[in-house]
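Presented below is the structure to which this report refers.
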Amino acid sequence: MVKCLVNFITNKHNEIDLCSDVSDTLANIITNDPILEIRLLGIHQVCDLAHNATTESKAEANASNDRRTPNPPISAISSELLHAVGKRVMSKNKTEHRDAITGLAQIYYKHYMHQILADVQEGGDDCNIDDILDVLREECGLDGKSGDNQKKNNNNKKNQVVVNEKFGWIPQRVFESVSWPDSSDPDMRNRIFQIVDDVLLGSN
């Protein structure tokens, strides 16, 4: 059932209304199904789907070049699906909350942090300080530009609001997990620190 729903989103992502209904059903399974194995399968399938999804820029390039891609665009994965995975972060089952946290962090890095820091990362250790400042200005709204540049900046801000709403809540959910009691899962705190270093901050 879970795999069928995910396959539908993968292959029929242009059917927006149907995909919305399928996403709601899948989110309900992840959130409420009483069987752990089914919830875990849902978490894994949704996280894999979102992580493998094409970024918006690549999706637009594929569309403009009329090329088919085996993976749907990230826009096909609804916020509700990601939040359904987020609700499993505080699960009492160790495997469930660890897999949910790890999957969300990987999605956040690929579709949020990696996109924001793309120019900085390309520069490596020799990255121009102006490129870093440009990223900070855009993210903090400190551009002070006018005319056509200001219009472009406003459009970028609108797009950024959508991205923030979809992914911006993930780091807080990850950090909330640090409060998980050691008596319940003694390895959890170290796992969170590892995720922050290796995934959220992109050390790998």
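Rule-based calculations on the coordinates, nothing more; no lab input. Keep in mind it's a predicted model, so treat the numbers as computed, not measured. Cβ: placed from backbone, ideal geometry, glycine included. Neighbour counts: every protein chain shown.
Amide H neighbours of residue 54 under 5 Å, at least 5 residues apart or on other chains, H built in the peptide plane: list them.
74
Give 110/166; 12/166; 12/92 a once-over and call out the pairs whose C-alpha atoms are over 23 Å from each other.
Those over the limit are 12/92.
Take each of the peptides 100-109, 14-23, 76-85, average the number of other beta-carbon atoms within 10 Å over its residues, and list them starting from the highest.
Packing order, densest peptide first, comes out as 100-109, 76-85, 14-23.
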